[in-house]
């Protein structure tokens, strides 16, 4: 465990290597916990980043998600951002970007980054499925893709069925005998 400082590039140096943190933590003091397999970076009690540990020297490990909030404010840097250089996303993301930029122009790039920011709370396969669904119906905005993503995430309500369970026989409950109640109500009516 070591105390560290996130620099202006949102990188923290640990054991002669640099690891990224979300841009909101640039210029902040952090704690780095180095394990055998990974490096965890904390601020206060929250783990803000986790990376596989690199045992060499002068290596930089980026998590592209850490830089999306900044890129949303500066969308023109998306093609030149070093943290995104080796980020391999499925082909539907490139198709989505082309469509958004063709439809909206420069604001389409910012809209595409908003879609990428959905990865902050979703997995790549889940967002890929949502993007593919959105492209198939022509709903390419980030709000539409967000709705599709969260609709896919909802678990459908399953109906209870005894099919395939013949050992669970149905049981018929006989209706209760209400004659005793009728006797009470009739005797009560006669007394009044």
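Here, each number is a calculation from the coordinates, and none is a lab measurement. Note that the structure is predicted; figures quoted are calculated from it, not measured. Quick reminder, even Gly has a Cβ in these numbers, built from the backbone with ideal geometry, and neighbours come from all protein chains shown.
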Calculated FRET efficiency for the pair residue 163/residue 124, C-beta based, R₀ 35 Å, to 0.05
0.45
So what is the relative contact order for the chain, in percent, with contacts set as C-alpha pairs under 8 Å and at least six apart?
12
How big is the Cα convex hull of region 2-61 in projection, averaged over all directions, in nm²?
3.5
In degrees between 0 and 90, to the nearest 10, how far off the longest principal axis of the chain does helix 124-137 point, with axes built from Cα atoms?
80
Which angle from 0 to 90°, rounded to the nearest 10, does the C-alpha axis of helix 106-117 make with the longest principal axis of the chain?
60
Normalising by the residue count of region 66-153, find the relative contact order in percent from Cα pairs under 8 Å and 6+ residues apart.
28
What nm value, rounded to one decimal, do you get for the distance between residue 38 and residue 104 when each label is placed 7 Å out toward the C-beta?
3.2
Using 16 Å as the cut-off for backbone N distance, which residues of region 86-116 belong to the label zone defined by a point 7 Å from the Cα of residue 59 along Cα→Cβ?
86
Nearest-ten-degree value, helix 179-191 long axis tilted from longest Cα axis of the chain
60
Expressed in nm to one decimal, what extension gain is obtained for the pair residue 182 and residue 9 from 0.36 nm per residue of sequence separation less their Cα-Cα distance?
53.9 nm
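Can you divide the C-alpha Rg of region 47-109 by 2.2 N^0.38 Å and report the result to two decimal places?
Working it through for region 47-109, the quotient is 1.36.
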If we sort 89-100, 17-28, 45-56 on the protection proxy, mean other Cβ atoms within 10 Å, highest first, what's the order?
17-28, 89-100, 45-56
For the chain, the fraction of alpha-carbon pairs in successive 5 Å shells from zero, as %:
1, 6, 12, 13, 11, 10, 8, 7, 5, 3, 3, 3, 3, 3, 3, 3, 3, 2, 1, 0
Give me Rg/Rg_expected for region 66-153, where Rg uses Cα atoms only and Rg_expected = 2.2 N^0.38 Å with N residues.
1.00
Report, in whole Å, the centroid distance computed from the Cα atoms of region 63-112 and region 8-56.
24
